[in-house]
Amino acid sequence: MEQRKDFIDDAALRRLLETKADPERAEVAEILEKARELQGLTPAETAVLVNVRDPELTAALFATARRGAS
């Protein structure tokens, strides 16, 4: 049986998440606007959203997700 190579670079993903830790409000707002327009997000933009810790920004993130799901 042929063994398949893992195509996900775990180290690169960890680095990306680390570099996007504690994002600025303005950056999050720009990404959420792009998401509202259903333009698709880059891995870096997704890393920014994964790192959102501010309760207000988290609420905006979930509101955007609900809007996109309807």
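The values are calculated or read from the model by the stated rules, or taken from the named source; none is laboratory data. From a predicted model like this one, the values you see are computed outputs, not experimental measurements. Cβ atoms come from the backbone with ideal geometry, glycine included; neighbour counts cover every protein chain shown.
Mind listing just one residue for me: the one in the stretch 21-30 that is assigned to a loop (DSSP other than H, G, I, E, B) and touching a residue at least 24 places away in the same chain (Cβ under 8 Å) and, of those, surrounded by the fewest Cβ atoms within 10 Å (Cβ to Cβ)?
The residue in question is Asp22.
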Handout entry: Hits in the stretch 45-66 (condition: exposed (fewer than 12 other Cβ atoms within 10 Å of the Cβ) and part of a helix (DSSP H, G or I))
Key = Pro55, Glu56, Ala59, Phe62, Arg66
Completion exercise
Taking the stretch 20-40 and keeping residues modelled with pLDDT of 95 or more, out of contact with any helix residue (DSSP H, G or I) (no Cβ under 6 Å at 6 or more places or on another chain) and not charged (D, E, K, R) leaves Ala26, Ala29
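Quick check on this structure: which one of Glu18, Glu33 is surrounded by 10 or more Cβ atoms within 10 Å (Cβ to Cβ), over 27 Å from Arg67 (Cα atoms), free of Cβ contacts under 8 Å to residues at least 60 places away in the same chain and of a type outside the set (S, T, N, Q)?
Working: Glu33 fails: over 27 Å from Arg67 (Cα atoms).
Residue meeting the stated conditions: Glu18.
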